[in-house]
Amino acid sequence: MRSKYAVRFGFGVMVSMLCACGAGPDAEPMSYEQEEQQAWEEFRASAIFEPEINAYIVDGDIPLSDEQELREYWEDTRARLTQGLTVMRSGSTDVIWNTTQRYNLTYCVSNSFGTNKTLVVNTMAIATASWSDKIGVAFKYVPAQDATCTSSNANVVFDVSPSSSTSYFASAFFPNDARSARRLLITSSAFTTTAGGRDFQGILRHELGHTLGFRHEHIWTGCTTETSADARLLTSTYDSNSVMFYPQCRASGTGGYRQTANDFAAALTLYPK
Ligand SMILES: [Zn+2]
């Protein structure tokens, strides 16, 4: 499981050689920002403006007072309807936490992190809140279990433990894994890397996405050898800026890991608040 879903590095060269990433050989692909700007300008040009009340009219009769509100409406609508997130499947069932467990995702942080433990605790707090602030889940840090924070500790849902590996940044698990496999492993390189725009917090946001049942978003692009078997795209197309999309698989090759509005909108369909 670790080798399949870990955040890897040392991958950029292979990607640039093998990955067409949706761009034809004779076409200069638009960047994500350019595509967004073009789509926004097309929408704005088609919007109904009513000078009598100095407002845009959307959804037939809803007035929006300025372009800022119109932009927010456009972003929200696109996020709801178009892009984002891929969930793990087992047969015809989404692999997610049930309505009770999703509010009690307990974890410990191993004392074996030593001088890095405070960094891990604090960054886990930020990364877990980045999900729970927006969708219906709750992670709970249980420091009382830190001294026995191993794969066999049944008092927590998962353990956050160090790995001495030098071949990846961090790895995680899916909700249907047994306790012995429910580990969030962090290598020392995760603390300081900037590869592909990554940072430690972003790596944890990505790994926590796996723990909620989310697969790699780039599996729909053929960028890596990971297949889309046992996966379901939650919306009509993938989001290349998703927190679950490898930076090296994007046209830009960078951008790091942050959830997009699309990520949250799609995640809310599985974990409503
Ligand atoms: Zn991953």
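Do we find that I186 is part of a strand (DSSP E or B) and under 20 Å from the mean Cα position of the chain (by Cα) in this structure?
Working: part of a strand (DSSP E or B): yes; under 20 Å from the mean Cα position of the chain (by Cα): yes.
Yes; evaluated as a whole, the condition is true for this residue.
This table checks each residue for (1) touching a residue at least 24 places away in the same chain (Cβ under 8 Å); (2) part of a helix (DSSP H, G or I); (3) among the hydrophobic types (A, V, I, L, M, F, W, C); (4) within 15 Å of the ligand (Cβ to nearest atom).
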residue: A154; (1), (2), (3), (4): yes, no, yes, no
residue: S161; (1), (2), (3), (4): yes, no, no, no
residue: S165; (1), (2), (3), (4): no, no, no, yes
residue: F169; (1), (2), (3), (4): yes, no, yes, yes
residue: S180; (1), (2), (3), (4): yes, yes, no, no
residue: E207; (1), (2), (3), (4): yes, yes, no, yes
residue: G222; (1), (2), (3), (4): yes, no, no, no
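Mind listing just one residue for me: the one in the range 182-199 that is touching a residue at least 60 places away in the same chain (Cβ under 8 Å) and within 22 Å of L105 (Cα to Cα) and, of those, surrounded by the most Cβ atoms within 10 Å (Cβ to Cβ)?
I186
Output the strands (runs of 3 or more DSSP E) that fall wholly within the range 54-146 and possess 1 or more residues being among the polar types (S, T, N, Q), or say none. Spell out the reasoning first.
Details: elements: 55-58, 62-64, 86-90, 105-109, 139-141.
Ranges flagged: 86-90, 105-109.
Mind listing just one residue for me: the one in the range 225-273 that is without any contact (Cβ under 8 Å) to a residue 12 or more places away in the chain and within 15 Å of the ligand (Cβ to nearest atom) and, of those, surrounded by the most Cβ atoms within 10 Å (Cβ to Cβ)? Step through it out loud before you land on a result.
First pass over the range 225-273, keeping only residues without any contact (Cβ under 8 Å) to a residue 12 or more places away in the chain: 225, 227, 229.
Checking which are within 15 Å of the ligand (Cβ to nearest atom) leaves us with 225, 227.
Working: T225: 8, T227: 10.
Checked the range 225-273; the qualifying residue surrounded by the most Cβ atoms within 10 Å (Cβ to Cβ) is T227.
Values quoted throughout were computed directly from the atomic coordinates according to the rules given, and no laboratory measurement underlies them. Owing to the predicted nature of the structure, the values given are computational and were not obtained by experimental measurement. In this analysis, Cβ positions are derived from the backbone assuming ideal geometry, glycine residues included, and neighbour counts consider all displayed protein chains.
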